[in-house]
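The values are calculated or read from the model by the stated rules, or taken from the named source; none is laboratory data. No experiment lies behind these values; they were computed from the predicted model shown. Here the Cβ positions follow ideal geometry from the backbone for every residue, glycine too, while neighbour counts run over all protein chains shown. Heavy atoms of the whole protein, side chains included, go into the accessibility calculation; ligands, DNA and RNA do not. Shrake-Rupley method; radii C 1.70, N 1.55, O 1.52, S 1.80 Å.
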Amino acid sequence: MASAPIDTTGAVRADPPPGLVTGTNEHEYAALREGCGVLDRSERGKLALSGAGAVEFLNGQVTNELTTVLPGSGCYAAFLTHKGKMLGDLRILALGDSNDAAPSELLLDTERVALQALFDMIRRFKVGYEVELQKRTIERGLLSLIGPNAATVAGAEDLPEIEHAHVAVEIDGIAARAVRTDLGLDLICDAADTDALSAALRARGATAVSEAATECVRIEHGRPRYGIDLDDSVIPQEAGLNERAVNFTKGCYVGQETVARLYYKGKPNRHLRGLRLSEPAASGDELRLGERPVGHLSSVAVSPGLGPIALALVRREAEPGSVVSVGEHGASAEVLALPFAAS
């Protein structure tokens, strides 16, 4: 029997994010690079797992180690097919009293395009475990603070500078959870408080920014996004995710055999690379090394600092330093290792 569909209606949008980013606003870009920008990302998919078997169950489904994740910390992981291909990626936050040895709840945060697959996986495989699953997408708001002043704006200067560390905060009387990210902080709050919290952050000095501007900074930092740069044809190592998302000493999980075999004995046929473009291009444009197709552009942007740039999974023969042709209109691109030099 198919699982019941999850939240796809209400106050958040369900369609995947755009793959083409152009016209980055220089004022917004400056705020993200030098100050602090705020963007509402409440549309991201959110689920909660609780119960005595939650950690044991999820640890057998995802690529990273959860038994060492204590309240106040978290990790990034992928969930895979049995052949090691990505069904999605997610952030896992351990909630509970900091004095407890185990979390009371795991909050799961994923791209909206991957939410149904995550929900279906949990519903299918949690049988036999003491696990409760709750939907949180519409109940929780999520604001991203991006830039070097993010912690100061949020009043969370004491939050450890460790990605996924998190703590409860109160901002002008509004309760939220501040979560450390690679580019600043995320603030998770009750959905009804999202607009008021955003206004409070802007009053404290944050600049409202567009998704186009934040995507430009993400691309510069070389962070792939599921639904744009990653899909169910990708093995984590191809996208450079092993260091962040995969633990090679944990017990078994779905897809482990393929992931471990590639890591210990194989060489990926593709690698996530940066492309410095000769002119703006579109997501999906084909890349060719000589006459041979080697990939397609995924995330693209026109960076005020770097000019036209993109991410792409390219075949390994297109090594950093190679020049490839782009699309059908005479454009070219230099293949670069990530992140981009100026990020």
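With springs only between Cα atoms under 10 Å apart, run a GNM on the chain and tell me which of I162, I146, I228 wobbles the most.
Per the Cα network of the chain with a 10 Å cutoff, I162 tops the list.
Connecting C-alpha atoms closer than 10 Å in a GNM of the chain, tell me which of E105, E279, E328 has the biggest fluctuation.
For the chain, modelled as a Gaussian network with Cα springs under 10 Å, the answer is E328.
Under a crude label model (7 Å from the Cα following the beta-carbon direction), how far is H221 from F125 in nanometres?
Rounded to a tenth, the inter-label distance reads 2.8 nm.
Per-residue accessible area for F248 at 1.4 Å probe radius, Å² rounded to 10?
60
Okay, helix-only estimate at 222 nm for the chain: each DSSP H run of n ≥ 4 adds -39500 (n - 2.57), divide by all residues, round to 500 deg cm²/dmol; what do you get?
-5500 deg cm²/dmol
Answer with one residue from G284, L159, C75: the one whose Cα lies farthest towards the positive end of the charge dipole of the chain, charges on Cβ with Lys, Arg +1 and Asp, Glu -1.
Toward the positive end, the furthest listed residue is G284.
Got a sec? Charge dipole of the range 252-343, +1 on Cβ for Lys and Arg, -1 for Asp and Glu; which of V302, A318, A331 is way out at the positive end?
Positive-end residue among those listed: A318.
Amide H to amide H, which residues 5 or more places from A331 or on other chains are under 5 Å from it, using H placed in the peptide plane?
V326
Using 7 Å Cα-to-Cβ label points, what is the Q134/V323 separation (nm, one decimal)?
5.8
Using a cut-off of 11 Å between beta-carbons, work out the net charge of the residues near A178 (Lys and Arg +1, Asp and Glu -1, A178 not included).
Cβ neighbours under 11 Å give a net charge of -2.
For K267, which aspartates and glutamates qualify as cross-link partners when the Cα separation must be under 17 Å and same-chain residues fewer than eight apart are set aside?
E238, E243, E257, E317, E319
Please list, or write none, the aspartates and glutamates whose alpha carbon is within less than 16 Å of the alpha carbon of K126, excluding same-chain residues fewer than 8 places away.
E56, E105
Dipole of the range 114-200, Cα-centred, from +1 at each Lys and Arg C-beta and -1 at each Asp and Glu C-beta, to the nearest 20 debye?
Taking the Cα centre of the range 114-200 as origin, the dipole is about 520 debye.
For the range 121-251, what % of the accessible area comes from carbon and sulfur atoms, probe 1.4 Å?
Answer for the range 121-251 is 44 percent, counting heavy atoms of protein chains only.
Kindly state, to the nearest 0.05, the FRET efficiency for N269 paired with D190, given R0 = 45 Å and r defined as their beta-carbon distance.
After rounding, the FRET efficiency stands at 0.50.
So if each residue of separation counts as 0.36 nm, and I subtract the Cα-Cα distance between T249 and D172, what length gain in nm does that give?
The span from T249 to D172 would gain 23.3 nm if fully extended.
To the nearest 20 debye, what charge dipole does the chain have about its Cα centre, counting +1 at the Cβ of each Lys and Arg and -1 at the Cβ of each Asp and Glu?
Result for the chain is approximately 1020 debye, rounded to the nearest 20.
For D100 and H27, calculate 0.36 nm times their separation in residues minus their Cα-Cα distance, and state this gained length in nm to one decimal.
21.8 nm is the gain from fully extending D100 to H27.
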